[in-house]
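Each remark here refers to the structure printed beneath this line.
The values are calculated or read from the model by the stated rules, or taken from the named source; none is laboratory data. None of these values were measured; they are calculated from a predicted model. Note that we place each Cβ from the backbone using ideal geometry, even for glycine, and neighbour counts take in every protein chain shown. These accessible areas exclude ligands, DNA and RNA; they are computed on the full protein's heavy atoms, side chains included. Shrake-Rupley method; radii C 1.70, N 1.55, O 1.52, S 1.80 Å.
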Amino acid sequence: MGRFFGTDGIRGVVNETLTPEFVLRMSLAIGSFFDEGAKVLVGRDARAGGEMIKSIVIGGLLSSGVRVYDAGYTPIPALQYCIKEGGFDGGIMITASHNPPEYNGIKVIGPDGIEIPRESENTIEDIYLNTRFRTPGWRSIVSDVIDYKICNEIYVDSVVKLVDREVISKAGFRVVIDPVNSVGALTTPRIAMKLGVQPIVINGTFNPYFPSRNPEPTPETLVTTAKLVREYGAVAGFAHDADADRVIVIDENGIVQWGDRTATLLASYLRRERGEKGVKVFTAVSSSMVVEDALRPLGVSVVWMKVGSVDIAHEMKKHPDALCGFEENGGFMYPPHQYVRDGGMTMALFLEMLARLRSKPSELYDRLPKLFVVKKKYRMEREKALNVVEKVKEMFKHERQITVDGVKVIGKGYWFLVRPSGTEPLLRVMLEAESEGKAKELIDVIEGIVGTIEGEKQ
Ligand code: MG
C-alpha cells in the first residue's frame, strides 16, 4: 500500500481529503509518469465532485505535455476496453467505485486497460513527493482536449459480440438492472436490449447523492432491488457499484447471491458447456472453498491470491491457461474480453448460461453446497492482528493452510480466513462451515485467541 494509492486507486472525501490542490499535484505527477505526447483517455462516473476533479486532472495532464481524450460519463470497464483496443497509452477514471457518496477518487490505467501495478504507483508517488513534474515549454502546450465520447457504444458492441445473441433472445427474459444512479445506466440496459432481453431499470437516473441505496451492492443494500426482482417476475436482477465494474446477481426468488458463487457457476459453464480451454481460475483468499470443490471435477484449479483485484488481473494476464478471475464482491474478469472486472460482460455471460442451460438461477445456485457463513471484524492495530494470524497458524498447524494474505485454514466441513485489513486497523474474519454449531465452535476459538492477544501488553 502506498502513501496515496489504496487497494484500488486514490480515494478521498471531496473537498476535504480530496482537495483541488492535492488533485492538481497528483495529476501533474501522473502526467509526468506518462511519456510526453502520450494519449490518455479520461472518464468519470456520476459522483459528486466528478467534474471538478476531471477538469483539474485534465489541466494537470495538459501541463505535463500529455494528449488528453475525453470519454465523458462511462463505466470503468468501457473505458478500460477502449484504452486497450483504441491504442491509448493509458487512462484515468474519476471514481470512488463502491465507497459512500461523499467519496471520489482517481484510478490510473495502463495501456493494457488494467489499473497500473504497484511499482508504477510508487513511481507516481515519488514524482509527487519530489515535485519532479515535467514542464514542457509553452510551444508544446497547444493541443485541445479531444472528444472521445464513443466508449459506451464500443463497449456494448464488444460485449454483445462475445455471447450467443440468438439463444439469449429466444429465452424471452425480463431482468431488473440497478446501476445505482450512475454510469452503468449507460451500458448495461443497452447490452440487455441488444440481446433481446427486456430490462426493467431501477435507480437508472444519475444522482450523486445516491438516494436509493449505498453504492456498494450487498445483501443489506439490495433489499428493495431484490424485492422488485420478485415483484416484476424477472428471471434475475443485476446490481452494480458506481463505476459498474462489479455486478451482484439476485436470483428470481429475490435472493442476493455473493460473487464467488456466481463466479463458480460461470467458470463451470465456461469450461463445460462453452468448452473454453482455460484450466485456472484466479481469486482472492476471501472467496469460498466452494469454488475449489465445484471446479476440481472439471479439471480446473484455483490460484489463491491476496485480496485486491489489480494484482489478480496482472497475475492472470501472465497465464495463457487462465479461465477467469474474480472476487466475492461481484468483480468478475473474462480474459477473452479483458483482464479487468467487467459488470456488463458478466451479465451477458450469465444470461447466456441461463438460456443455454434452460435453468432458473436458483436451480443453479442450489446445486452448490450450502454453507453457514460468518463475517466478523475486530478493531485492533496491525501488529496485534498479525500476532493473531501467527497464533491461528500454530493452533491449526495440522490443517491445510493458505498464507498469501493472513491465514486461510481449510478443515473438514469448514474453512476460515483471518487477515489484517489492508486499509484500516482491523482484523477481518470470514468463515464458512457445514453447520451453525461448527461455525460457532470455530468463532469461539478465534475469539479466544483475539482476547489473549488483546490482553497482552505491547
Ligand atoms: Mg467498482
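General remarks:
- Residue that is most open to solvent (accessible area, probe 1.4 Å) [pool: residues in segment 306-332 that are out of contact with any helix residue (DSSP H, G or I) (no Cβ under 6 Å at 6 or more places or on another chain) and within 15 Å of the ligand (Cβ to nearest atom)]: VAL307
- Restricting segment 13-41 to residues that are assigned to a strand (DSSP E or B) and surrounded by fewer than 22 Cβ atoms within 10 Å (Cβ to Cβ), the residue that is nearest to the ligand (Cβ to nearest atom): VAL13
- Flag for ASN104 being at positive phi and of a type outside the set (Phe, Trp, Tyr): no
- So TYR148, is it over 27 Å from GLY308 (Cβ atoms) and of a type outside the set (Lys, Arg): yes
- Selection status of GLY299, open to solvent by less than 10 Å² (accessible area, probe 1.4 Å) and either in contact with a helix residue (DSSP H, G or I) (Cβ under 9 Å, 6 or more places away or on another chain) or assigned by TED's automatic domain parsing to the domain that holds ALA267 (or both): no
- Subset tally (residues that are in contact with an Asp or Glu (Cβ under 8 Å, 6 or more places away or on another chain) and away from the ligand (no atom under 13 Å from the Cβ)) for segment 87-101: 1
- Cross-chain or 6+ apart pairs with Cβ under 7 Å, segment 232-261 first and within 11 Å of the ligand (Cβ to nearest atom), then among the basic types (Lys, Arg): HIS240/ARG246; ALA242/ARG47; ASP245/ARG341; ARG246/ARG341
- Flag if ASN181 is at positive phi and polar (S, T, N, Q): yes
- Filter result for LYS397 (open to solvent by 60 Å² or more (accessible area, probe 1.4 Å), at pLDDT 95 or above, assigned to a loop (DSSP other than H, G, I, E, B) and closer than 18 Å to ILE453 by Cβ): yes
- Test: residue in segment 51-62 that is within 16 Å of the ligand (Cβ to nearest atom) and not hydrophobic (A, V, I, L, M, F, W, C): no
- Residue in segment 362-375 that is surrounded by fewer than 22 Cβ atoms within 10 Å (Cβ to Cβ), assigned to a loop (DSSP other than H, G, I, E, B), more than 16 Å from the ligand (Cβ to nearest atom) and of a type in the set (Gly, Ala, Ser) present: no
- Test: ARG356 is away from the ligand (no atom under 16 Å from the Cβ) and closer than 30 Å to ILE449 by Cβ: no
- Whether a residue is away from the ligand (no atom under 15 Å from the Cβ), of a type outside the set (Gly, Ala, Ser), in contact (Cβ under 8 Å) with a residue 60 or more places away in the chain and in a helix (DSSP H, G or I) was assessed, and GLU125 passes this test.
- Scoring VAL229 on the criteria (1) in a loop (DSSP other than H, G, I, E, B); (2) closer than 15 Å to ILE202 by Cα leaves a single failure, condition (1).
- Any chance LYS194 is basic (Lys, Arg), surrounded by 15 or more Cβ atoms within 10 Å (Cβ to Cβ) and not assigned by TED's automatic domain parsing to the domain that holds LEU354: no
- Applying the set (1) without any contact (Cβ under 8 Å) to a residue 40 or more places away in the chain; (2) closer than 20 Å to GLU327 by Cβ; (3) buried (at least 17 other Cβ atoms within 10 Å of the Cβ) to ASN203 leaves exactly one unmet item: (2).
- Selection count, segment 348-361, where residues are assigned to a helix (DSSP H, G or I) and open to solvent by 50 Å² or more (accessible area, probe 1.4 Å): 2
- Within segment 222-231, the residues that satisfy the criterion of being away from the ligand (no atom under 16 Å from the Cβ) and either aliphatic (A, V, I, L, M) or modelled with pLDDT under 95 (or both) are VAL223, ALA226, LEU228, VAL229.
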